[in-house]
Amino acid sequence: MTFNQLQIPTLSDAELEAAIVEHNQKYWELNEPEITDAEFDLLVRELTARKPDSPVLARVPTSTITGDKVRHGAPMLSLDKCYSAEELDRWFARIEGAAIATQKIDGLAVSLRYDGAGRLALAATRGDGETGELVTANMLMVGGVPSQVAAANIEVRGEAFMPVSTFNTRYAEAFANPRNLAAGALKQKDPAKTEAYGLHFLAYDLQGDPTVATEAEEMERLRALGFTVSPYLVCEREEGQRSFEALAATRVELDYETDGIVFKVNNLAVQHGLGNTAHHPRGAIAYKYQGESGLSELTGIEWSVSRTGAINPVALVAPVFLSGVTVSRVSLHNLSIMSKLAGEAPLAVGAQVAVTRRGGVIPHIESVLRPGTGELLLPPATCPSCGAATEVREDVLVADHAATCTGAASRRLLHVASALDLDGFGPKLIEQLFAAGLLAEPADFYTLTAERLRTLDRLGDKTAANLLASIEARRTLRFASFLNALGAPEVGEQLSRDLEANFESLNGLLDANADQLTAIAGVGPRVSASILAFVAEHRPWIERLAACVTLTWPPKSAAVGPLAGKKFVFTGSLASMSREAAQEQVRALGGATPSGVSGEVDFLVVGDADYDKMVAGKVSSKLKKAISLREAGGRILIVPERDFLPMLTPDSPSA
C-alpha cells in the first residue's frame, strides 16, 4: 500500500500507528521497504502533529524531512586536517593497516538516498552536518547522478561541483570561483536553472551496501552503479607521502578544483571501529595543499574585537595575487601566534613575509623573511573600539570592554543572528542598529518593530518587513540552537546538543554545578569552568532572550527494552559488526550510547582483539578512564565483544 499527502490525513490515529510500525519493521528489520522515505516521513509527521506522546514515535527514527530541511541518518562530519608529511605519518601511526588516498574535491557535499527499488528518493546538502537542505529535484539535473541504480536502500555521498572548463568558458569574467557559483546553482528554486549551469557529481562514499569490505571495493562498487569516482591509490604508512605527491601531480589534469588529498583507513570495519570525535571521523584525514605562496611586505596591523571580547590582530600586507585571488589582509589569529612569528623583535612595517593560501583558500603568513625597518607594530594599550585598557591573559589580548563597545557587541550579535538564521542581519546593519541604540543584547532582536527599523537610513518598508518576518519565524527554538546562539566559549553545535540531551529546562542548566557538567561525556574541568563563568556573567540577558522565545526539546526515545536504562560506550574494532551498527542495536533495545566514558556509563564494550591486548597490558585512553572509575567504586563494567553479543538477544539478561 502506498500513501500520498491527501490520503494520510484521512487515516485514524490507530491506522497511522499501525502503518508506521509495519513499514518501520519492513525497512529496518526485513530490508523489504514498500514505501518511499518521503511517504514514511509523511506518516510520522501526521502522527507527531496529532499524538506527539504516542509510544510508536519513540520506536522509529526521527522524521527525516521537515519542510525543506533533511536530517542526515549519520552526521556528515568535517575532516581532520594536516599540512606536512610528519603530520600524516603521525595519523598513520594511530591507525591499523593500509589507507586509501584520493583527491579532496572543492565542491558542495551532498547526500543521495536511494529507496528499496533503487530510485533516487532524496538528496540533501551537508548543511550543518546534522541537517541539510532538500535538493532532490535539483540533483536530478546534475551530471553523474543516476535516477535509478541496481541497489536497494543505499546512501551515496559526494561532491557537486562546476567543472573548471565550464567555469572558465562561461563564468570566469563575472564570478570569483567555481565552488561558490556551484553552491548558488544547486539551490535554485527552478531545477531547470540548476541544469543550465552544467554541474557534475563525484561520489566518494557508499553506505548500506553489505557486499563491500574496503574503501577500494566501495569505489569500484560506486563506479559499477554508474557514479563517477576520483582516481585513488591504496598505500601503507611508508607510502603515504609518495601517494600524496603522485596524486597531487595529477591535479592540473583534472576538470575540477581540489584542495588536498583525503586518506581513509581502507578496511571499513577498522575505520568504523575508530569512531568519531564531535568534529571528524578518526579514520580519515585531509592532507591539504599548502596552496600558492608569494612574498609581500607588512604595511600594518589592524586589531579586531571578537564576540568573546578578545582583541585579535589582522595583518595588512601589500597586495599579492595567490590562487586566483588578490590578498591584502591576513589573519594572525591571536597575540600568541603573532609573537611567535615576530621572534625576539617586534614586527615592524616593511617586514618581508611569506604568504600562503593554505588549502588554496585561507591566507596565512608562514614566516617573516626579513625584519621591517619602519614603525613598530605593538599591541594596542586600549581597545580600538571602546578605549578600555588592555591586558594579556593566557597569551590573549583582552579588555574589560565598556557597555558601548561596538566591536565586541556587534560581533556577539552577529553570531546570534547567524546561529539563529536571521536573514538580512549582516555586519553593517547590526552596527547601525547598535549605534542607534536599537540592538544591545540578543533579546533586542525580538523587540524590533517596523517603526524602529524605519528610523535607520536607507531602510525601506519592504526590507523592514522581511527582517521582522525572519525574526518571527524564529520565535520557537530548539534548545540546542538557543544554546549555540548564546556564543559561550567552548560551546559549539555538538556540545549544545550534548547539553540539550542532559538538561530538560533552561534553569536546570543555568543552576548546574561543576559536578553535573563534568558528568557529561566530553566536558572536562576547563570546559565546565568556562560554562559556569559565562552563565554567572550573562545570566540576566540569557533569561531575557529565553523570555522572548519558546524553547523545545526533541522527543526522547522511550526506555523500553531489555537494555532500558543502560549506557554503553564502545572502543576498539568490533569483529561482528561496525561500531555504528552496535550502537543502533543498543538503542533499539532501549539502551543509550553516549560518546565518551563517564561515571554514568554502565558498560565499556571492547573489541575482542583489543580486549586481549588490554589483558596483555596495552590500554587505550577510554580503558584507562574506565579502569580509574571502576577502581574508584564506579558502576562501569569492561566487557569484551563476545560477552556483549548475548545482551542483544531480547530474552537475555542485560546484566
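Sorted largest first, the principal axis extents computed over the alpha-carbon atoms of the stretch 477-552 equal 32, 23, 19 Å. Rounded to the nearest Hz, the phi-derived 3J(HN,Hα) couplings of the stretch 491-496 under the Karplus curve 6.51 cos²θ - 1.76 cosθ + 1.60 (θ = phi - 60°) are 9, x, 4, 5, 5, 4, where x marks glycine and proline.
Would you kindly state how much longer the chain becomes between SER304 and SER620 on full extension, computed as 0.36 nm times their sequence separation minus their alpha carbon distance, in nm to one decimal?
Working it through step by step, the gained length comes to 109.6 nm.
Each of SER243, SER336 was scored by other Cβ atoms within 10 Å of its Cβ. Listed from fewest to most, they are SER336, SER243. When you count the other C-beta atoms within 10 angstrom of each residue and take the mean per peptide, 134-142, 440-448 line up highest first as 134-142, 440-448.
Summarising the label geometry, the points placed 7 Å from Cα in the beta-carbon direction at GLN516 and GLN148 lie 5.7 nm from one another. The stretch between ASN466 and ALA381 holds 26.4 nm of extra length on full extension. This uses 0.36 nm per residue minus the Cα-Cα distance. Remark: relative contact order (the chain) = 9 percent; criterion is Cα-Cα distance under 8 angstrom and separation of 6 or more residues.
When Lys and Arg each count +1 and Asp and Glu each count -1, what net charge do the other residues less than 13 Å away from ASP457, Cβ to Cβ, add up to?
Local net charge: +2.
When the Cα gyration tensor is reduced to axis lengths a ≥ b ≥ c, the ratio a/c is 1.5 or higher for the stretch 293-399, and with a/b above b/c it is classed as prolate. If R0 is taken as 22 Å, the Cβ-Cβ distance between ARG50 and THR10 corresponds to a FRET efficiency of 0.95. Residues whose amide H comes within less than 5 Å of that of ASP259, counting only those at least five positions distant or on another chain, are LYS104, ASP106 (H built at 1.01 Å from N in the peptide plane).
Near SER243: Cβ cut-off under 11 Å, other residues only, Lys/Arg at +1 and Asp/Glu at -1. The net charge is -2. Between ARG526 and ARG478, the distance separating the two model label sites (each 7 Å from Cα on the Cα→Cβ line) works out to 2.8 nm. Our summary gives the stretch 406-474 a relative contact order of 33 percent, counting only alpha carbon pairs under 8 angstrom and 6 or more residues apart. Here the label points at SER367 and ASP400, each 7 Å from Cα along the C-beta direction, are separated by 4.3 nm in the simple model. Ranked by how many other Cβ atoms sit within 10 Å of their own Cβ, fewest first, the residues VAL325, VAL262 fall in the order VAL325, VAL262. What is the stretch 568-648 by shape, rounded, prolate or oblate, if you read a ≥ b ≥ c off the alpha carbon gyration tensor as root eigenvalues and call it rounded for a/c under 1.5, prolate for a/b larger than b/c, and oblate otherwise? Note, shape of the stretch 568-648 comes out oblate. Of the GluC sites (Glu not before Pro) in the stretch 457-546, the ones in a loop by DSSP (not H, G, I, E or B) with at most 16 other beta carbons within 10 Å are GLU490, GLU504. Between THR550 and VAL212, residue separation times 0.36 nm minus the direct Cα-Cα distance comes to 117.1 nm.
Direction-averaged projected area, Cα convex hull, the chain: 32.5 nm², rounded to one decimal. Within the chain, the longest run free of trypsin sites (Lys or Arg not before Pro) that sit in a DSSP loop with at most 11 other Cβ atoms within 10 Å is 190-457.
Each other residue within a Cβ distance under 12 Å of PRO640 adds +1 if Lys or Arg and -1 if Asp or Glu, for a net charge of -3.
Any read-out appearing in this document is the output of simple, stated calculations on the displayed coordinates, not a laboratory observation. Everything numeric in this text was worked out from a predicted model, so none of it was measured. A quick note on method: Cβ atoms are made from the backbone with ideal geometry, for glycine too, and the neighbour counts reach across all protein chains shown.
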